[in-house]
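S.K.: Here's a structure for you.
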Amino acid sequence: MKDKIDFSVVGTLLKKQLKERSSSYRKGNFDAVGFILRWALVAVFAAVFIIFFGRFTEIYLSVKTDGMLDREARLYELLTIAYSLILAALVIGGISQINRQLFDADDIKLLTGMPVGSHTLYAAKLISIYLGQLAMSAVTVLAVNLSVAIKVSLGGWFYGMTVLVCLVLPLISLAIASILSLPYHALKQLLKNRFVISFILITAIAAALFYVYSILLDAVKEMMLGDNLKYFFNEAVMNFLGRLVSCLYPGAWFANFMLQKELLVSGIGILALTVVCLALSMLIIRSLMRWVMQSRIAGAWNFVRRKQSVKSARKPFIALIKKDFLQIFRTSSYMFSYFSIAVLMPLMVYFCMSVGSSIIIKLIGLDCDLELAIFLTVLFGALTNVFCSTNISREGEMFYSVKAYPVDYKAVFFSKIVLCMIVTSVSQLVSAIMLGATGYVEWWAAIFIFVSGLLCSFAQICFATRYDFNHAKFSTEEDGEIKESGNTVSTIIVLGMVIAFLIGGSVLLMRLLFTLRGVEGMGFLTYLVVGVISLCAALFSYFYLVRKLGVKYYEFSGGGQL
Amino acid sequence: MNFELLALNGWQLPVLIVLSVVAAGLVAVDFLLVRLLMRKPAAKSLAKATEEPTEETPEGTTEQPAEEPIEEPLAEEIVSAEEPIEEPLAEEAVPAEETIEEPLAEENVPAEETIEEPVAEELVPEDEPIEEPVAEELVPEDELVAEEAVPEEEPNEETYAAADIQTRIEESVAEEPISEEEPAEGPVEEAVSEEVPAELHGVSSAETVEEILEEHGLEVGDEISTEIAEEIMSVHTLHTEAEAEVLRVEGLYKRYSKKADYAVADVNFTCYEGEIVGLLGHNGAGKSTTLKCLEGMLPFEKGKISICGHDIKKDPLAAKFSMGFVTDNHATFVKMTGIQYLSFIADIYKVPSEVRKERVEKLESVFQLGDAINNLISSYSHGMRQKICMMGSLMHMPKLWVLDEPMTGLDPRTMHAVQVFMREYAHAGNCIIFSSHALITVAKMCDRVVLMKKGQQLDDLNIKRIMTVDPNFDFEEYFLRHEGQD
């Protein structure tokens, strides 16, 4: 029988994927807090992007070269760079999507055993990946084009062609992503069991991204505080941008096409590139899928580790801590969400401190570095410790095995809390040292920030652990890895942010009020308020954790596994 | 930063000091309260177990702290050991000091049926039918006890109380050999013959297998009908202190939610040293639930489970130290390598450093993971995970080995090696309980079978006996017929 594409099966497979994706919205699985939080975050990001990109467009279009104002040339440069950046983002997203759909998906193994033709399966996968890319492209291209359209009067062609760009860009990105996905997968496999290298690499990449983020944040500050940004685009910078834009293809073609410049050349360029990319992506994904299907049936790559012998005796408590450490360190998503973020926390505090401090001084004329440092330390500490909200769920069905071990329940819980406290202590300590060393706060104030930060972290860790224990939800993945954040995670994020804003906001407000009213010498209140709130939070959370814990531990039969 | 704003002057400094002192006082009071709360009854038993850490021998058993007087635990252990015989009579009425002496005296009493089973097991090869009545092959009990109780390894100076008591009992038995000539006398026999309810000990009306066979005009080795087989299987062995009770499940009731039906209702059975007991039943019969309850994984509504005399609810740590378990889903910490997992388990069960290497080598010789032991468990196949789970569960050489569907996913070689190992392990004086659907394996391996259906215990069968009497007995047919009954 000839292996033809069966479109009814393609439809069924796409429906299956849609159902899988929407499963988290069904009753019982629906994470209401997370849903609101996610959409609120998306809305905020979109609003911020449109506002700031609009403002940036305004500034950039008014940049003069050789004393001349050329708004059309600036717009061309801006759109070329924007489309190129979008394409790069789509390629990165595409690599991730192809990996998820082909290499990490479990359904291929199942479907190959069913009467589903390989062409049908391939078509379903390709459409699914394309739809994902299309959604991403639509969001980003629309945001850019609308921001530009608000500032510059552009005709109907621009709006009409926006749709075309949305449809065509994913085809190009898909081709590039399909070429890069196999090397990426190979790199992932190579690093899979090399945890230290992975950790360094992931942390370095994240640090670089945060650095870029800090530059953007600085640019935002400049835009808010004056027109310093305008002076940034001097002749040398503009010459460089001109040279860069001239080789940024296909971004330049798209920009030209949108602005109705060199229509024929850019149109043919886009068409030719699209056809080549479409053919290329079909060919590569098809061959990739064949390889994946074979390898998934044959089994995964193995990694032989060096010979080890059984270790000498340790205390059960230490063994439990080590067990948790290994579990986190050897799961790349856990490692990033906890250890990498903990390492990056001081950087985040520092970047935000440098931006925030100057903004407050320029806007209000008030030096409140201490209050801001407290706020940022507590806020980023809270975001780092969100990981603790999976302290129990992370164990999966092994939690029952741990329950059956001859270990006291207090050892089980406090081993987790001690590990989290070790991680948070290091990160809080480095943050405090950085704040002290850069002169934002005095050394003794840095010590106070460290102690109060630790108390807040202790409170959050205790609370998150007990909350997760009460609402444990074990993963159904084969290795027990939690891939989707649930209600508990969202709740802890919201609570952490509320506490951070409560502490940071109250002291900032107090400082502002006292300064405006000319009341001197009330600085000690900052220490008092922060100290008391942190201490109370720590005590409350500790009580919350230990309350009837022994009984509940015995009675535990949750997690959704039994 | 603005220092002037932070400067403390005038009344602010004393206020700050006073507030700090008050805050510190509150913290101290709170911590005291926490400590007090932690000592409340709910957590008391758990806390007690931690405060009095138990220590571990190479066999993975535990010992009471040295400062505790030996008499007290001895009394307790002996009372628990004699429960099958003594409980209805004197569990509450006899003072502790008397119960210490009684079992020692009872060692002299040969219990016919107790001796009968090991004879059948050890002297008669499986493929050879017994020519003469089993009773004629009775040997002095001390020989059996000595053979069965030999530990696999040199005992550590830290010895588990129950094992210690058991050894003492065995030693006393060995010192005062029991022979066939010495008639069974004394309170134990009286208790068995007169006052102990028949169902408690599984003594049928016909009393012995020989009598049943005689009644039906059969001899050992003859083909027997299912009805007679059922009658023979219901003849249970009487256990003396020489075969101490390892596991006792009494009136176990468990349901998963308040509205749900009982997943397990009124399950009662006891397992002794040297026994392999199978839990049989259809899917959803309650086998895994029963095992999870006795492992301490799941809470249960009613009933009592004790392991080596330690109640799983009241003294969970001591009970868990005496037990090793393998779950049906073979859940392990997949981000550890095999060897790291074994080290972890050894740490949890406090296995001394000096015996670890030897123990891993010994287990490796049975399960043969090879170089894969150094790989991450996440890279293991189903069968390999099963093997590492079994190895982990044996790191402390538990008195009770609990396995849920142990043979699933194992290759034939390992399955055979595991079966041989299980027999040897039980023979060394340990007890094994496992659930399975593999009827042939169960019939081949088990001494006894606890049949379950829809959460209820249907029967407790002495399968070893019937397999000895009729090696060709079709247990599968028997089970399916039994399953069909409502």
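S.K.: Looking at A:TYR60, A:TYR83, can you tell me which residue is in a helix (DSSP H, G or I) and modelled with pLDDT under 85? I'd like the intermediate steps shown before the answer.
M.R.: Details: A:TYR83 fails: modelled with pLDDT under 85.
Within the list A:TYR60, A:TYR83, the selection yields A:TYR60.
S.K.: Got a number for residues in the stretch A:397-410 being facing another protein chain (nearest Cβ under 7 Å) and either free of Cβ contacts under 8 Å to residues at least 24 places away in the same chain or more than 18 Å from A:VAL546 (Cα to Cα) (or both)?
M.R.: Residues that pass the stated criteria total 8.
S.K.: Any idea how many residues of the stretch B:285-309 are free of Cβ contacts under 8 Å to residues at least 60 places away in the same chain and either assigned to a strand (DSSP E or B) or more than 11 Å from chain A (Cβ to nearest Cβ) (or both)?
M.R.: Of the residues in that region, 4 qualify.
S.K.: Among the residues of the stretch B:381-392, write down those that are surrounded by fewer than 23 Cβ atoms within 10 Å (Cβ to Cβ) and either assigned to a loop (DSSP other than H, G, I, E, B) or facing chain A (nearest Cβ under 10 Å) (or both).
M.R.: B:SER381 - this is the single residue of the stretch B:381-392 that is surrounded by fewer than 23 Cβ atoms within 10 Å (Cβ to Cβ) and either assigned to a loop (DSSP other than H, G, I, E, B) or facing chain A (nearest Cβ under 10 Å) (or both).
S.K.: Does the stretch B:269-284 contain any residue that is within 11 Å of chain A (Cβ to nearest Cβ) and at pLDDT below 90?
M.R.: Applying the first criterion (within 11 Å of chain A (Cβ to nearest Cβ)) to the stretch B:269-284 yields none.
No, the stretch B:269-284 has no match at all.
S.K.: Failed condition for B:ARG465, given (1) modelled with pLDDT under 80; (2) in contact with a Leu (Cβ under 6 Å, 6 or more places away or on another chain); (3) under 15 Å from B:ILE276 (Cβ atoms), with all others met?
M.R.: (2)
S.K.: Considering only residues that are away from every other protein chain (no Cβ under 11 Å) and surrounded by fewer than 19 Cβ atoms within 10 Å (Cβ to Cβ), which ones fall in the stretch A:418-441?
M.R.: The answer is A:VAL418, A:ILE422, A:SER425, A:VAL426, A:LEU429, A:VAL430, A:ILE433, A:MET434, A:ALA437, A:THR438.
S.K.: Kindly establish whether A:ARG74 is basic (Lys, Arg), in a helix (DSSP H, G or I) and modelled with pLDDT of 80 or more. Spell out the reasoning first.
M.R.: Working: basic (Lys, Arg): yes; in a helix (DSSP H, G or I): yes; modelled with pLDDT of 80 or more: yes.
So A:ARG74 fits the description; yes.
Quick grid of which residues meet (1) within 18 Å of B:ILE276 (Cα to Cα); (2) of a type outside the set (Asp, Glu); (3) surrounded by 17 or more Cβ atoms within 10 Å (Cβ to Cβ); (4) free of Cβ contacts under 8 Å to residues at least 60 places away in the same chain:
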{"position": "B:PHE434", "(1), (2), (3), (4)": "yes, yes, yes, no"}
{"position": "B:LEU439", "(1), (2), (3), (4)": "yes, yes, yes, no"}
{"position": "B:ALA443", "(1), (2), (3), (4)": "yes, yes, yes, yes"}
{"position": "B:VAL450", "(1), (2), (3), (4)": "yes, yes, yes, no"}
{"position": "B:ASP460", "(1), (2), (3), (4)": "yes, no, yes, no"}
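S.K.: Related question: Only one of these is among the β-branched types (Val, Ile, Thr), surrounded by fewer than 21 Cβ atoms within 10 Å (Cβ to Cβ) and modelled with pLDDT of 90 or more: A:ILE297, A:ILE360, A:ILE318. Name it. Spell out the reasoning first.
M.R.: Working: A:ILE297 fails: modelled with pLDDT of 90 or more; A:ILE360 fails: modelled with pLDDT of 90 or more.
Answer to the check: A:ILE318.
S.K.: Is at least one residue of the stretch B:294-306 buried (at least 23 other Cβ atoms within 10 Å of the Cβ) and of a type in the set (Asp, Glu)?
M.R.: Checked against the condition, which is being buried (at least 23 other Cβ atoms within 10 Å of the Cβ) and of a type in the set (Asp, Glu), the stretch B:294-306 yields at least one hit.
S.K.: Taking the options A:GLU520, A:GLU477, name whichever one is acidic (Asp, Glu) and in contact with an Asp or Glu (Cβ under 8 Å, 6 or more places away or on another chain).
M.R.: A:GLU520
S.K.: Condition first: within 20 Å of B:THR408 (Cβ to Cβ), among the charged types (D, E, K, R) and free of Cβ contacts under 8 Å to residues at least 40 places away in the same chain. Now tell me which residues in the stretch B:340-389 satisfy that.
M.R.: B:LYS387
S.K.: Now, a different point. I'd like to verify a number: residues in the stretch B:352-380 that are under 18 Å from A:TYR405 (Cβ atoms), facing chain A (nearest Cβ under 7 Å) and either part of a loop (DSSP other than H, G, I, E, B) or of a type outside the set (Lys, Arg) (or both), how many? Break it down stepwise before answering.
M.R.: As a first pass, look at the stretch B:352-380 and keep what is under 18 Å from A:TYR405 (Cβ atoms): B:352, B:356, B:359, B:377.
Still in the list and also facing chain A (nearest Cβ under 7 Å): B:352, B:356.
Now restrict to residues that are either part of a loop (DSSP other than H, G, I, E, B) or of a type outside the set (Lys, Arg) (or both): B:352.
Final tally of qualifying residues: 1.
S.K.: So, one more: Please report, ordered by residue number, the helices (runs of 4 or more DSSP H) entirely within the stretch A:145-254 with at least 2 residues that are among the polar types (S, T, N, Q) and in the same structural domain as A:ARG290 (by TED's automatic domain parsing).
M.R.: Working: elements: A:156-192, A:195-225, A:228-232, A:235-246.
It comes to A:156-192, A:235-246.
S.K.: Among (1) touching an Asp or Glu at 6+ places or on another chain (Cβ under 7 Å); (2) surrounded by fewer than 20 Cβ atoms within 10 Å (Cβ to Cβ), which single condition is B:GLU364 missing?
M.R.: Failed condition: (1).
S.K.: Would you mind stating whether A:LYS125 is assigned to a helix (DSSP H, G or I), within 22 Å of A:LEU280 (Cα to Cα) and among the charged types (D, E, K, R)?
M.R.: Yes: the conditions hold for A:LYS125.
S.K.: Moving on to the next point. Looking at the stretch A:509-521, I want the residues that are within 11 Å of chain B (Cβ to nearest Cβ) and have a partner that is at pLDDT 80 or above and part of a loop (DSSP other than H, G, I, E, B) with Cβ atoms under 6 Å, at least 6 apart or on another chain. Which pairs are those?
M.R.: Pairs found: A:ARG511/A:CYS368.
S.K.: Based on what the data block shows, is A:PHE380 in a helix (DSSP H, G or I), modelled with pLDDT of 85 or more, crowded, with 19+ Cβ neighbours inside 10 Å and touching a strand residue (DSSP E or B) at 6+ places or on another chain (Cβ under 7 Å)? Talk me through it step by step, then tell me what you get.
M.R.: Working: in a helix (DSSP H, G or I): yes; modelled with pLDDT of 85 or more: yes; crowded, with 19+ Cβ neighbours inside 10 Å: yes; touching a strand residue (DSSP E or B) at 6+ places or on another chain (Cβ under 7 Å): no.
Criteria not met by A:PHE380.
S.K.: A:GLY486: touching a Phe, Trp or Tyr at 6+ places or on another chain (Cβ under 6 Å), more than 12 Å from chain B (Cβ to nearest Cβ) and over 18 Å from A:PHE540 (Cα atoms), yes or no?
M.R.: Values: touching a Phe, Trp or Tyr at 6+ places or on another chain (Cβ under 6 Å): no; more than 12 Å from chain B (Cβ to nearest Cβ): yes; over 18 Å from A:PHE540 (Cα atoms): yes.
No: the conditions fail for A:GLY486.
S.K.: Now for a different question. Count, please, the residues in the stretch B:312-349 that happen to be under 12 Å from the mean Cα position of the chain (by Cα) and either in a loop (DSSP other than H, G, I, E, B) or more than 7 Å from every other protein chain (Cβ to nearest Cβ) (or both). Even if it seems obvious, please write down each step before you answer.
M.R.: Step one: filter the stretch B:312-349 for residues under 12 Å from the mean Cα position of the chain (by Cα), giving B:312, B:319-325.
From what's left, either in a loop (DSSP other than H, G, I, E, B) or more than 7 Å from every other protein chain (Cβ to nearest Cβ) (or both): B:312, B:319, B:322-324.
Matching residues across the stretch B:312-349 total 5.
The values are calculated or read from the model by the stated rules, or taken from the named source; none is laboratory data. Keep in mind the model is a prediction, meaning the values are calculated, not measured. In this analysis, Cβ positions are derived from the backbone assuming ideal geometry, glycine residues included, and neighbour counts consider all displayed protein chains.
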